[in-house]
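Here's the structure we're looking at; comments come further down.
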Amino acid sequence: MNGYISEPVNLLKMDHRSFKNFLNSFDHVFSDCDGVIWSSGPLPGVGEFFKLMKKHGKSVHYVSNNSLRTQQDYDEHFQSAQIENGFKNLTIPSVAIAEYLKLLNFNKKVYCVASVQTSCVLERAGFQCFETTDAGSDDYMTYSQYLEDDLDVGAVVFDSDFRVNLPRLYKAMTYLRRPEVLFINGATDAYVQCKPGCLILGTGIFTDIVSHEVQRPPVQLGKPGKLFGEFAMKRAGVTDPSRVLFIGDMIEQDVGLGKATGFKTLLVLTNNSKEDMLAHPTLRPDYYADSLGSIVPLL
């Protein structure tokens, strides 16, 4: 084991005094949703976990990279997990991107390589969005049409576009070759959960491809970006990151966000094994447990 990375603490093996010290070390709980609160349905004990956290005087908020869901879909998931006001206390990339553009007084067109819901959120916020709908062709000579610039475009937004293809990427790179065009990214997930214990390739790799080609990084408004963590704090009215416990199931996105922002981190092993957790070369959570439900008896 690398000596410079601290050993994560198993909450389930803590004695009473140590667990009490753990509870006293934070005032706010920020939790991921997919893979932590629900999978195909709500995970056992999650509603009780958050109720008990509130009884212990903790504020509870939710932070997800998933902008694909509608508010109705989120409401139904939270309700099935017996969680009240879940969506009201939820921060997702699409909302952060819209607020960021508002702060900049942005007034140009937005090219979206993003989910339908992300585009809808931006349009409801007053921004003019568009995308490339072409499926592409086997004749590569036709792809020169996607290299034509549009000077009215002032931002390119990536966020969980599972319809991504070469025409979309070429247009994004064309606009981003102008340094004044904003490059904004929401979800970075290299993998996403499709069913319990099963991860599939996510869309984060496509942002990486474009970033490499245009030789500049995006403004990161999704996990694990520090700016996204700070935005979640601002929405929750939290000022001290050291008093936040961030709960997630993904090492890169969730533990990464916590470490970048200065949160304490708790990894639930719903999609990673202990061996996976310890094998990561740079990131380790502060604490881990099998699931949120497994912590309920301690609370």
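Checking the condition of a type outside the set (Phe, Trp, Tyr), touching a Pro at 6+ places or on another chain (Cβ under 7 Å) and either assigned by TED's automatic domain parsing to the domain that holds residue 33 or touching a residue at least 40 places away in the same chain (Cβ under 8 Å) (or both), which residue from 189, 159 passes? That would be 159, the only listed residue that is of a type outside the set (Phe, Trp, Tyr), touching a Pro at 6+ places or on another chain (Cβ under 7 Å) and either assigned by TED's automatic domain parsing to the domain that holds residue 33 or touching a residue at least 40 places away in the same chain (Cβ under 8 Å) (or both).
Just so you know, in region 85-108 the residues that are outside any loop (DSSP other than H, G, I, E, B) and either among the small types (Gly, Ala, Ser) or assigned by TED's automatic domain parsing to the domain that holds residue 261 (or both) include one that is nearest to residue 235 (Cα to Cα), and it is 96. No other residue among 39, 31, 6 is surrounded by 18 or more Cβ atoms within 10 Å (Cβ to Cβ) and either modelled with pLDDT under 95 or in the same structural domain as residue 162 (by TED's automatic domain parsing) (or both) apart from 39. If you go through region 251-265 and keep only what is at pLDDT below 95 and outside any helix (DSSP H, G or I), you end up with nothing.
Under the condition of being surrounded by fewer than 24 Cβ atoms within 10 Å (Cβ to Cβ) and over 19 Å from residue 273 (Cα atoms), the residues counted in region 247-260 number 2.
Within region 263-283, being out of contact with any strand residue (DSSP E or B) (no Cβ under 8 Å at 6 or more places or on another chain), of a type outside the set (A, V, I, L, M) and closer than 17 Å to residue 226 by Cα holds for one residue alone: 282.
For region 130-139, the count of residues that are crowded, with 16+ Cβ neighbours inside 10 Å, among the hydroxyl-bearing types (Ser, Thr, Tyr) and part of a loop (DSSP other than H, G, I, E, B) is at least one.
Okay, residues lined up against (1) in a loop (DSSP other than H, G, I, E, B); (2) touching a His at 6+ places or on another chain (Cβ under 6 Å):
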site: 30; (1), (2): no, yes
site: 50; (1), (2): no, no
site: 53; (1), (2): no, no
site: 60; (1), (2): no, no
site: 72; (1), (2): no, no
site: 79; (1), (2): no, no
site: 83; (1), (2): yes, no
site: 111; (1), (2): no, no
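Residues in region 46-98 that are among the small types (Gly, Ala, Ser) and within 15 Å of residue 34 (Cα to Cα): 47, 64, 67, 80, 81, 86.
The values are calculated or read from the model by the stated rules, or taken from the named source; none is laboratory data. Predicted model, so just to flag it, every value in this text is computed and none were measured. Neighbour counts run over all protein chains shown; Cβ positions are idealised from the backbone, glycine included.
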